[in-house]
Amino acid sequence: MGKDAKVESKNQTCIPQETEALVEPAPVCDAARNGIWRTRIRVKARNLSRSTQFVIAAAVILGLTMFFVGKLVSARIESAAVNSAAEAGAQYMDTFLEPFVQELSRDNKLSAASVQSLDRLTESRSLKHHIVSIKIWRADGTVLYSTNKAITNHKFPMDEITQALKGKVVTDLEELSQDENEFERKLNLPLYEIYAPLRDSSTRKIIAVGEFYEKADSVKREINRVRQQVWAVVGAATLAMLTLLFFIVRRGDKIIQRQQVALRLRLMEQTRLHISNTELQHKMSTATQEFSRINELTLRRIGADLHDGPAQLLTLILIRLDDLAENCSAVDQESLETIRGAATDALREVRDLSRGLALPEINDLSLVEELQLVAQRHEQRTGTKVTLTLGPLPEAAPLPLKLCLYRFVQEALNNAYRHADGEGQVIQAQYIDEVLNISVRDGGPGMAADAMLLETSGRTRLGLAGLRYRIESLGGLFSIDSSASGTSVNAQFKF
């Protein structure tokens, strides 16, 4: 590590490194750059239209498919052309070479006369126009005759003549890299070699293998011409398919884009309506709570007015009746007692009305304490028994809900006392999955169908219709279950 290495490490500013780790900052920077490029490519790909993305994907898939199809067809055409040439070459072998190798069935070498005849044959113009070299192989891999006299009677590997010894015609267009092909390589011509079995004319037994090298110019030109035609057809078909698919997908993409715009506008409208509905619901909830508060204040004022007005006047009437009773005769005494009884009943009912309308302070009470309080007040007022069956309840609740629950239980217990003589009075309440269920049951004879909807006599009662409106104004559910074994008034709130 010299001065140059230190300068190079200072220039690497992609990621801070320790002083000792000055050796390989570049891979970290390259990884960061690669990550940035991949991110950019993904972003650009997402920004492309669906039709463009489809065409790119289809071009890759169809291009690869057609490429392999073209390669396969070209290979098949090349194989067919070479095999055709091989068959023609085999005919050359049968016609020109087999007559000169018949002696190999009796001897393992060619005679001088046969060699001279083969030399004259290879020098003929008609044959020399196509064929540049000839070899005759013995079954053990020895070259018995060759245009290149240097390899005559030399033995070479048998890899290439093995299939020909089995009776097959073998053709090869590959490069001539074997040792016995030195002469053919020096010609610098495109050649293909053909191996064909040479048989005994009488027994048809393979006695040698003939090999000749034919000029491949015309064959290659034909193969290239057919290959170009194949690739032109494949390319045209691929381009036509891509064009057709592009217009189909582009049309569908435009439809999808129009639908997306319509859906986006509809979603914006739905969002606007949702916001508007939320605001309206908030206003309704606020108005309902304010109405509940004002209603309670009104009831308290009415209760206070009853207590301070008619109740005081009735009390004064009773006092004056007591004064008059001292100076009245026996007949008048009886009339005064009747008046006193009526005034006493009226005072008791006015006080009951006043107590029923005046709501105790429940701001600081939990729901359990509130239900215990309303049950206790009812027991004190009526001398009946109320059973509390309470499950888990939240510690805190909104004041309008607490006011509603108090009035609901109070009115339901009043109805149970009037219509069922306070028999089997039970308050049940539980809070499960953010839902508060509360019911007031009695063991009376049940209610008539019309009485389950509205009560006609009012006085201190709010009535079932009033209870329903009070509960539903806070978003709750109100229901009544009544049978010969009793009545249950139910309320449900979610908060």
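Summary table
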quantity: Candidates Arg470, Arg441 - the one that is at pLDDT below 85, charged (D, E, K, R) and either in a strand (DSSP E or B) or under 54 Å from the mean Cα position of the chain (by Cα) (or both); calculated: Arg470
quantity: Filter result for Gly210 (touching a residue at least 24 places away in the same chain (Cβ under 8 Å), exposed (fewer than 13 other Cβ atoms within 10 Å of the Cβ) and touching a strand residue (DSSP E or B) at 6+ places or on another chain (Cβ under 9 Å)); calculated: no
quantity: Residue in segment 377-411 that is surrounded by the fewest Cβ atoms within 10 Å (Cβ to Cβ), counting only those that are among the charged types (D, E, K, R) and closer than 16 Å to Leu467 by Cβ; calculated: Lys402
quantity: Residue in segment 127-144 that is closer than 26 Å to Leu189 by Cβ, touching a residue at least 60 places away in the same chain (Cβ under 8 Å) and basic (Lys, Arg) present; calculated: yes
quantity: Complete set of residues in segment 104-120 that are farther than 23 Å from Arg185 by Cβ, assigned to a helix (DSSP H, G or I) and charged (D, E, K, R); calculated: Arg120
quantity: Search result, residues across segment 367-385 that are without any contact (Cβ under 8 Å) to a residue 40 or more places away in the chain and touching a Pro at 6+ places or on another chain (Cβ under 8 Å); calculated: Leu373, Arg377
quantity: Subset of segment 123-141 that is farther than 13 Å from Glu211 by Cβ and among the polar types (S, T, N, Q) - its residue that is surrounded by the most Cβ atoms within 10 Å (Cβ to Cβ); calculated: Ser124
quantity: Residue list for segment 213-233, restricted to those being out of contact with any helix residue (DSSP H, G or I) (no Cβ under 7 Å at 6 or more places or on another chain), assigned by TED's automatic domain parsing to the domain that holds Thr95 and either small (Gly, Ala, Ser) or crowded, with 19+ Cβ neighbours inside 10 Å (or both); calculated: Ala216, Ser218
quantity: Scope segment 404-433; condition at pLDDT 90 or above, more than 46 Å from the chain's Cα centre (by Cα) and within 25 Å of Thr288 (Cα to Cα); matching residues; calculated: Phe408, Val409, Ala412, Leu413
quantity: Flag if Leu187 is surrounded by 12 or more Cβ atoms within 10 Å (Cβ to Cβ), under 30 Å from Asn83 (Cβ atoms), among the aliphatic types (A, V, I, L, M) and touching a helix residue (DSSP H, G or I) at 6+ places or on another chain (Cβ under 9 Å); calculated: no
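The values are calculated or read from the model by the stated rules, or taken from the named source; none is laboratory data. Every value quoted in this text rests on a predicted model; they were computed, and no experiment measured them. FYI the Cβ positions are ideal-geometry reconstructions off the backbone, even for glycines, and counts take in every protein chain you see.
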